[in-house]
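Novice: Quick one: this structure, given as structure tokens, is what I'll be asking you about.
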Amino acid sequence: MDVQMYRVVLVEDNEMVSKTISHTLSTATRYQLVSAYDRCEDALQYLDHDMPDIVLMDIRLLGMNGIEGTSRIKKKLPRCIVLILTAAENDELIFSALKAGAVGYILKDENIRRLVPLLDEALAGGAPMSPSVARMVVQSFQRQQDSPLSEREVQVMQGVAEGKSYTRIADDLFLSKETIKSHIKNIFQKLDVNNKADAIRVVNARNWI
């Protein structure tokens, strides 16, 4: 009976970690490492060629970081499973990656030896993550239920709260600057405010971003 092979792409700039993962996958029966990159930009360039089922994504990279890389991969390949590789359990960074489309994460020091079972878990619909990060996901879901903002408006407001220009927000979300301005206008109306500072104050006070 033939075993289904799943295509894996690795994006990791630590050579030792990359070699360890490559060796682990070379002995796995269900997983084939089709490409390994040390930059998100390269992985995105060859995404249509690699067509991965799973991407193992380092969260801290030179150039484009793993959070933005995850978002772009999910836009192009919505069914692709992205798992974050991280050296430290930084809840906020990991949570940002999950919001970008990752389904879980793997700690480099502790979980690499359990890589294959974690991939199996993700393929089965699971989400490898710690209880603290899972709690943040639940809290985010709960706070979004009473928010008047759409998912896109939340993304725009997150950019505003981070001090990004409208042009940068437009680039990050693959939208036009005029579309961002239109979203901002709608957000102001929904929040009953007249400027960005008041909008940020309202959404932060009510945990809407």
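Novice: Which order do the peptides 97-105, 121-129 take when ranked by the mean count of other beta-carbon atoms within 10 Å per residue, highest first?
Specialist: Top to bottom by mean Cβ count within 10 Å: 97-105, 121-129.
Novice: Could I have the simple spin-label model distance between Asp48 and Gln32, label points 7 Å from Cα toward Cβ, reported in nm to one decimal?
Specialist: 2.1 nm
Novice: Let me ask another. Of all the accessible heavy-atom surface of the range 70-209, with the other protein chains kept in place and a 1.4 Å probe, what percent is carbon and sulfur?
Specialist: Reported share for carbon and sulfur atoms: 47 percent.
Novice: I need the calculated FRET efficiency for the pair Ala134 and Thr20, taking r as the beta carbon distance and R₀ as 30 Å, to the nearest 0.05.
Specialist: The calculated FRET efficiency here is 0.70.
Novice: With n ≥ 4 as the cut-off for DSSP H runs, can you work out [θ] at 222 nm for the chain, using -39500 (n - 2.57) per run divided by the number of residues, rounded to the nearest 500?
Specialist: Rounded to the nearest 500, it is -15500 deg cm²/dmol.
Novice: If each residue of separation counts as 0.36 nm, what is the full-extension length gain between Glu151 and Asp13 once their alpha-carbon separation is subtracted?
Specialist: Net length gain for the segment: 46.5 nm.
Novice: Can you give the Kirkwood hydrodynamic radius of the chain from its Cα pairs, in Å with one decimal?
Specialist: Result for the chain, one decimal place: 18.4 Å.
Novice: Output the relative contact order of the chain, whole-number percent, from Cα pairs under 8 angstrom with separation of 6+ residues.
Specialist: Relative contact order comes out at 14 percent.
Novice: Still on this model: Short version: what are the Cα gyration tensor semi-axes of the range 31-139, square root of 5 times each eigenvalue, largest first, in whole Å?
Specialist: That gives 20, 16, 14 Å for the three semi-axes.
Novice: While we're looking at this one, here's another question. Give the shape of the range 1-71 as rounded, prolate or oblate, defined through the alpha-carbon gyration tensor: a ≥ b ≥ c are the square roots of its eigenvalues, a/c under 1.5 means rounded, and otherwise the shape is prolate if a/b is larger than b/c and oblate if not.
Specialist: Judged from the Cα gyration tensor, the range 1-71 comes out oblate (a/c at least 1.5, b/c at or above a/b).
Novice: Pick from Ser71, Ser150, Ser22 the residue whose mean-square fluctuation is largest in a GNM of the chain, springs joining Cα atoms under 10 Å.
Specialist: So, out of Ser71, Ser150, Ser22, the one fluctuating most is Ser150.
Novice: Same structure, new question: Quick query: amide H of Arg60 versus all other amide H atoms, modeled in the peptide plane; which residues come in under 5 Å with a sequence gap of 5 or more or a different chain?
Specialist: HN-HN under 5 Å from Arg60: Gly66.
Novice: Looking at the chain, how many pairs of lysines come closer than 17 Å at the Cα, when each pair is eight or more places apart or spans two chains?
Specialist: Count of close lysine pairs: 13.
Novice: Using the heavy atoms of the protein chains and a 1.4 angstrom probe, tell me the accessible area per residue for the chain in square angstrom.
Specialist: Using a 1.4 Å probe on heavy atoms only, each residue of the chain averages 54 Å².
Novice: Once you place label points 7 Å from the Cα toward the Cβ at Asn111 and Arg39, how far apart are they in nm?
Specialist: Placing both labels 7 Å along Cα→Cβ, they lie 2.7 nm apart.
Novice: Using θ = phi - 60° and the Karplus relation 6.51 cos²θ - 1.76 cosθ + 1.60, list the HN-Hα couplings for the range 7-24 in order, rounded to whole Hz, with x at every Gly or Pro.
Specialist: Whole-Hz 3J(HN,Hα) from phi for the range 7-24: 7, 10, 10, 10, 10, 7, 9, 8, 4, 5, 5, 4, 5, 4, 5, 4, 5, 4.
Novice: Can I ask one more? Taking H as built 1.01 Å from N, whose amide H comes closer than 5 Å to the amide H of Ile106, not counting residues under 5 places away?
Specialist: Answer set, sorted by chain and number: Ile84, Leu85, Thr86.
Novice: In nm, to one decimal, how far is the modelled label at Arg79 from the one at Glu178, with both set 7 Å along Cα→Cβ?
Specialist: Placing both labels 7 Å along Cα→Cβ, they lie 3.6 nm apart.
The values are calculated or read from the model by the stated rules, or taken from the named source; none is laboratory data. Everything quoted here is computed from the prediction, not taken from an experiment. With ideal geometry, Cβ positions are generated from the backbone for all residues, glycine too; neighbour counts draw on all protein chains shown. For accessibility, only protein heavy atoms count, side chains too; no ligands or nucleic acids. Shrake-Rupley method; radii C 1.70, N 1.55, O 1.52, S 1.80 Å.
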